[in-house]
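Visitor: After the C-alpha cells below, expect a handful of questions from me.
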Amino acid sequence: MSGTYLGMPSFPRAAAASTRDMRLRGNLRHATHTIRAKRAKAVEELGDWEQLRAAGAALKNRTLRHLDHYLEQLEAAVSAAGGHVHWACDAEEANRIVTELVRETGESEVVKVKSMATQETGLNDALAEAGISAYETDLAELIVQLGDDLPSHILVPAIHRNRDQIRDIFREKMGSWGRAAPRNLSDDPAELAEAARLHLREKFLNAKVGVSGANFMVAESGTLVVVESEGNGRMCLTLPETLISVVGIEKIVPTWQDLEVFLQTLPRSSTAERMNPYTSTWTGTTDEDGPSAFHLVLLDNGRTDALADTVGRQALRCIRCSACLNVCPVYERAGGHAYGSAYPGPIGAILTPQLRGVQSELDASLPYASSLCGACYEVCPVAIDIPEVLVHLRERVVEGGTVTVRGQKTTIKPAKGHAAERAVMRAARWTFDHPRALRAGQRLAARSRRLTPRRLPLPGAGKAWSDSRDLPRPAPESFRDWWLRNRGPDTAGHEGDPE
Amino acid sequence: MNSRETVLGRVRRALADVPRDEGPDETHVPRDYWTSHAERSDAERLDLLAENLADYRALVHRCGAGELPATIAELLRARGARSVVAPPGIPEEWLPAEVERVADDPAASPRELDALDSVVTGCAVAVAETGTIVLDAGEDQGRRRISLVPDHHICVVRAPEQIVDSVPQALRRLDPARPQTWISGPSATSDIELDRVEGVHGPRTLEVIITSPEP
C-alpha cells in the first residue's frame with residue numbers, strides 16, 4: 001500500500017475538499033446515523049451504564065498512574081508464559097523489530113489482524129521495503145488495502161466507501177493480490193463478504209506468521225485480548241506458527257476480573273452489540289494449540305509524552321470504540337482522512353497532537369477540528385473529557401510552553417498564524433477584568449441589535465471563519481442588566497462597580 | 001541504555017505528579033456496577049440465553065440429556081455432513097456411526113481441517129445476558145482452531161450448571177492461563193455501511209444445543 005499520511009494538508013484545507021464531496025458525505029451520514037441509534041439502544045439495556053463508565057475511567061486511571069509497575073508486571077507474566085517481550089521507543093523501532101522477527105522465520109508473507117498500532121507505525125510500508133508482503137484480513141482493511149487507500153474510521157476503516165464502490169474495488173483489484181472476485185459480483189453485502197471469505201481463506205491456510213494488535217493486556221496474568229467480529233482475528237491468532245503483537249503501552253488493565261467492565265462497555269459502544277461475535281484471549285504460548293512462538297512488542301511512540309501532560313493524559317484511557325466519531329458533527333461532514341492520522345474524529349484531534357506534537361501545521365490545526373459541542377464526552381465509555389483536552393491543546397498551540405517531546409522537556413514557541421487569537425484572548429482577559437467596559441459594550445450591542453449584520457465579512461485570515469457562519473443576534477438585554485432588573489441592585493452590588 | 005530502560009524511564013518522569021509512596025490500589029475504583037442485570041431462575045436464565053443467541057442468528061435447539069445423540073445426528077444429517085471433528089471429551093455415543101469422526105490432531109494441517117464438514121464441541125460457560133458461549137480448550141472443546149475452520153459448529157451447553165447471568169460472573173469461572181474463545185453468534189461483519197452481515201471467516205452456521213437433565 002502506498003497510502004501515507006505524511007505531508008497531508010492541515011485539517012481546514014483537507015476538510016474544505018472533503019466537505020464538497022457529496023458522495024463521501026452521504027456515505028458517512030448514512031453510516032454514522034445508523035450506528036448512533038443502535039448504540040443508544042444497546043447502552044440503554046444496561047441499567048448500570050454510568051457505573052460501568054465510571055469504573056472504566058477509574059481502572060484506566062489506576063493503570064496510567066502506575067504504568068511502570070504494570071508494564072513490569074505484564075512483562076514478567078508474558079515471559080513466564082513463554083512469550084518474548086520487546087520494547088519500542090518509536091514507530092521506526094517497532095517496525096524494525098517486527099521486520100527482524102519476520103526475517104528470522106524465513107517467511108516473506110504475513111497475515112494481519114486489524115491493528116491501530118501498526119497503522120500508526122506504518123508497519124505495512126516498512127515490511128514492503130524489506131520485501132515482506134503484509135495481507136490485511138479485516139474486511140474493511142482489505143477494502144482499504146485493495147483500493148490503495150487510507151483508513152478513515154477506527155472501527156470501520158472503509159466507512160467512506162459504499163457498497164457499489166466496494167464491489168468495484170473487489171472486481172478490479174482482488175485478482176492481483178490472490179484469488180479474484182467472481183465476475184458477476186453484485187453489491188449485496190452478503191456477496192461481498194463471501195468474496196472476501198474466499199479470497200482470504202487461501203492466505204489463512206498458508207500463513208506462517210500472524211501480526212496483530214490487542215484491545216487489552218492483563219498485567220497480572222500476561223493475557224492478551226483481541227475483540228473482533230469476522231473470525232479473521234481468530235485465524236491470524238491461532239493458525240500461524242509465529243504470532244507478533246504490537247501493542248501500545250497504555251492498553252494494560254490491572255487484573256483479569258477488570259475485563260468485566262470493558263467487555264461490557266466496548267462492544268455496546270463500538271458496534272452496538274451486546275457482545276461482539278468473537279473475543280480471543282491468550283497467555284504466552286500453549287503447547288500444541290496456536291502459535292508456538294509469541295512476541296509482544298510494547299510501543300511507546302509518543303504515549304509517554306501524553307502521559308507527562310496531566311490534562312492530556314486522559315486521552316490514553318481510550319479503548320478505541322469509535323463512538324465519539326459516530327456522534328461528531330465535524331467528523332460526519334469532514335470525514336476521517338482530513339484528520340491526517342490513523343486516529344480520526346474527536347479522539348484523534350486530542351491523541352494525534354499529543355503523540356506527534358503540535359509543531360506541524362496539520363497537527364497544530366487538529367485541536368480546532370471541533371465545535372466543542374461535547375457529544376463525544378457524553379458517549380465516551382471511559383469518560384474522556386475531549387472538549388477539556390481540546391481547549392488545553394488550543395492553548396498550547398496559541399501560547400506555546402513546556403511540553404515533553406520524546407521524553408525530553410522542551411519549550412515550544414507559539415504556533416505561527418495565531419496572532420489574531422492571541423490578541424482576542426488578551427482583549428477578552430482585559431474586558432472581563434474591567435466590568436464597566438464590559439457592561440458598556442453589552443448595552444451598546446443590545447441597543448444596536450437591529451443594525452447587526454447576519455454575517456460578518458471579515459477580511460484576510462478571518463474570512464474563512466466568517467464565510468461559513470451566521471452571527472448570533474445579540475440579546476435585547478444583557479444578562480447583567482436582566483439580573484439587576486429582576487433581582488435588584490442589592491444582589492448585584494458585590495461586584496464593586498456601583499453606578 | 002536499552003529501549004526497555006528508556007521507555008520505563010520516560011514513564012517514571014511523566015508520572016512525577018504521582019506521590020512516590022502511592023500504591024496502585026490507592027486509585028479508587030468504584031465497583032458499584034452490577035454483577036447481573038436481573039434476578040433470574042434457572043429456567044429464565046436458559047430462556048434469555050436462547051433468546052440472545054437467536055437474536056444474533058445462532059440456531060438454538062433444546063433437548064433432554066438423553067436426546068442429545070439423536071439431536072446431534074439430526075443436525076448433521078440435515079446439513080449433509082460426512083465428516084466431523086470432535087475433541088476427545090465428546091463421548092463416542094454422541095456422534096452417529098454414519099458420519100466419519102476425525103480426532104483433534106495437532107499434526108493435521110489447517111488445509112486438512114478445512115476439508116471437514118462440521119465440528120462438535122462442549123463449552124466452559126455460557127453467558128445469558130450477552131448470548132455468548134465461551135470455549136477454554138477443555139477436553140470437550142479441543143484446540144482453538146477446530147471450532148474456527150470448519151463452516152458448521154455445533155456447541156453443546158449443559159443447563160443449568162454451565163449458564164451464568166453475566167460477563168462478570170463468567171470471568172470469575174474462567175482461568176486466564178487457558179486460551180479462550182468467546183463466541184456470540186456466527187461470524188459477522190459491520191464493515192459495509194455499518195450494517196451487520198452474518199458469515200465471514202469463522203463458521204457461518206453456529207448451532208447451540210442446550211441440554212437439560214431429564215425431568
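Quick note: the coordinates plus some simple rules give every number you see, no bench work behind them. Worth saying up front: this structure is predicted, and the values here are computed from it rather than measured. FYI the Cβ positions are ideal-geometry reconstructions off the backbone, even for glycines, and counts take in every protein chain you see.
Visitor: Residue B:21 versus residue A:108, label points 7 Å from Cα toward the beta carbon: distance in nm?
Guide: In this crude label model, residue B:21 to residue A:108 measures out at 6.3 nm.
Visitor: Calculate the dipole size of the stretch B:38-158 relative to its Cα centre from +1 charges on Lys and Arg beta carbons and -1 charges on Asp and Glu beta carbons; express the result in debye to the nearest 20.
Guide: On the way: 13 positive and 22 negative charges, 57 e Å.
Once rounded to the nearest 20, the dipole reads 280 debye.
Visitor: Let me check I've understood the local charge: for residue B:58, count other residues with C-beta under 10 angstrom from its C-beta, Lys and Arg +1, Asp and Glu -1. What total comes out?
Guide: Local charge sum for residue B:58: -2.
Visitor: As a footprinting exposure proxy, order A:223, A:34 by other Cβ within 10 Å, with the fewest listed first.
Guide: Values: A:223 27, A:34 16.
Going from sparsest to densest Cβ surroundings: A:34, A:223.
Visitor: Here is a follow-up. Could you give the distance between the Cα centres of the stretch A:63-139 and the stretch B:43-59, to the whole Å?
Guide: With the stretch A:63-139 and the stretch B:43-59 each reduced to a Cα centre, they are spaced 38 Å.
Visitor: Also, quick follow-up: Can you list residues from other chains, or at least 5 along the same chain, whose modelled amide H is less than 5 Å from the amide H of residue B:62?
Guide: Hits under the 5 Å cutoff: B:210.
Visitor: Among B:118, A:371, A:18, which comes first, then next, by fewest other beta-carbon atoms within 10 Å?
Guide: Working: B:118 26, A:371 11, A:18 18.
By the 10 Å Cβ count, ascending, the order reads A:371, A:18, B:118.
Visitor: Let me have the relative contact order for chain A, percent, based on Cα pairs under 8 Å that are six or more residues apart.
Guide: Numbers: 842 pairs, mean separation 92.2, N = 499.
It comes to 18 percent, rounded to a whole number.
Visitor: Roughly how big is chain A's charge dipole about its Cα centre, with Cβ charges of +1 (Lys, Arg) and -1 (Asp, Glu), in debye to the nearest 20? Could the numbers behind the result be given before it?
Guide: Working: 61 positive and 63 negative charges, 575 e Å.
So the magnitude is around 2760 debye.
Visitor: Just flag the GluC sites (Glu not before Pro) in the stretch B:31-105 sitting in loop per DSSP whose Cβ has no more than 16 other Cβ atoms within 10 Å. Present the calculation step by step, with values, prior to reporting the outcome.
Guide: Working: sites: B:39, B:44, B:51, B:67, B:74, B:92, B:93, B:98, B:100; in loops: B:39, B:98.
Answer by residue number: B:39, B:98.
Visitor: Starting with the fewest neighbours, write out A:136, A:191, A:100 ranked by other beta-carbon atoms found within 10 Å of each beta-carbon.
Guide: Numbers: A:136 28, A:191 18, A:100 11.
Final ranking by Cβ density, sparse to dense: A:100, A:191, A:136.
Visitor: Let me ask you something else. Using Cα centres only, tell me the gap between the stretch A:16-58 and the stretch A:277-337 in whole Å.
Guide: 18
Visitor: Working from the alpha-carbon coordinates of chain B, get Rg over Rh, Rh being the Kirkwood radius. Kindly include the intermediate steps, with their values, before the conclusion.
Guide: Numbers: Rg = 21.5 Å, Rh = 19.5 Å.
Dividing the radius of gyration by the Kirkwood radius yields 1.10.
Visitor: Shifting gears a bit: Work out from phi, with θ = phi - 60° and the Karplus expression 6.51 cos²θ - 1.76 cosθ + 1.60, the ³J(HN,Hα) of each residue of the stretch A:262-271, listed in order in whole Hz, and give x for Gly and Pro.
Guide: Those phi angles translate into 6, 6, 8, 7, 5, x, 5, 6, 8, 9 Hz.
Visitor: Still on this structure, please answer the following. Other chains near A:192-201: what is the mean number of their Cβ atoms within 10 Å of each residue's Cβ?
Guide: Working: counts 4, 11, 4, 0, 5, 8, 0, 0, 2, 5.
Partner-chain Cβ atoms within 10 Å, mean over residues of A:192-201: 4.
Visitor: Which whole-number percent of Cα pairs in the stretch A:46-299 have a distance greater than 27 Å?
Guide: Values: 12031 of 32131 pairs.
For the stretch A:46-299, the share of Cα pairs beyond 27 Å comes to 37 percent.
Visitor: No other cysteine beta carbon under 4.7 Å away is the test; run it over chain A and list who passes.
Guide: Lone cysteines by the Cβ rule: A:89, A:236, A:318, A:321, A:328, A:373, A:380.
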